[in-house]
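Next up is a structure, given as structure tokens.
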Amino acid sequence: MSEFIIYHNPKCGTSRNALQGLRDGGVEPTIIEYLKNPPDRATLKKLIAEMGVPVRDVVRAKEDLYKELGLDDPAVGDEQLIDAMLAHPILINRPIVVTPKGTLLVRPSERLAEIFP
């Protein structure tokens, strides 16, 4: 397994751009298509902790399902948000990129430069 991992959705332009940025930099990352192979609870929590962001920042609020499930309610807590992302991986914002320099939600794709030269 590569030191570089991308939690990737091939249908997402930002995710494709981040993957291309890694490749252009000479890296072939481990690609995890998280819609087909979603992370387990421990992995998702570890990624969020490594990014140092609130759980809510990792939830994809643009998905219709976000509102349908009532996740836009500020009273919904972190564990409920994680439960929703595990049950519906489409709610995990992407791409999440892991490099030796750190883990980051690479939105927009230009943020890749923060953790990858």
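What is the residue count in region 61-105 for residues that are within 13 Å of L44 (Cβ to Cβ) and either without any contact (Cβ under 8 Å) to a residue 40 or more places away in the chain or of a type in the set (G, A, S) (or both)? Before the answer, list the steps.
Of region 61-105, the ones within 13 Å of L44 (Cβ to Cβ) are 78-79, 81-89, 91-94, 96, 98, 103, 105.
After this cut, where a residue has to be either without any contact (Cβ under 8 Å) to a residue 40 or more places away in the chain or of a type in the set (G, A, S) (or both) as well, the list is 78-79, 81, 83-84, 87-88, 91, 93.
Matching residues across region 61-105 total 9.
Moving on to the next point. So, in region 96-117, exactly how many residues are touching a strand residue (DSSP E or B) at 6+ places or on another chain (Cβ under 9 Å), of a type in the set (S, T, N, Q) and more than 11 Å from E50 (Cβ to Cβ)?
First, the residues of region 96-117 that are touching a strand residue (DSSP E or B) at 6+ places or on another chain (Cβ under 9 Å): 96-99, 103-106, 111-112, 114-116.
If we keep only those that are of a type in the set (S, T, N, Q) too, we end up with 99, 103.
When the remaining residues are screened for being more than 11 Å from E50 (Cβ to Cβ), the result is none.
Residues in region 96-117 being touching a strand residue (DSSP E or B) at 6+ places or on another chain (Cβ under 9 Å), of a type in the set (S, T, N, Q) and more than 11 Å from E50 (Cβ to Cβ): 0 in total.
Condition first: of a type in the set (A, V, I, L, M) and either surrounded by fewer than 15 Cβ atoms within 10 Å (Cβ to Cβ) or more than 26 Å from I31 (Cβ to Cβ) (or both). Now tell me which residues in region 66-97 satisfy that.
Initial filter on region 66-97 (of a type in the set (A, V, I, L, M)): 69, 71, 75-76, 81-82, 84-87, 90-92, 96-97.
L69, L71, A75, V76, A87 - these are the residues of region 66-97 that are of a type in the set (A, V, I, L, M) and either surrounded by fewer than 15 Cβ atoms within 10 Å (Cβ to Cβ) or more than 26 Å from I31 (Cβ to Cβ) (or both).
Bear in mind that the values in this text are calculations on the coordinates, not laboratory data. Note that the coordinates shown come from a computational prediction; the quantities given were computed from them, not determined experimentally. All Cβ positions, glycine included, derive from the backbone under ideal geometry; neighbour counts span all protein chains shown.
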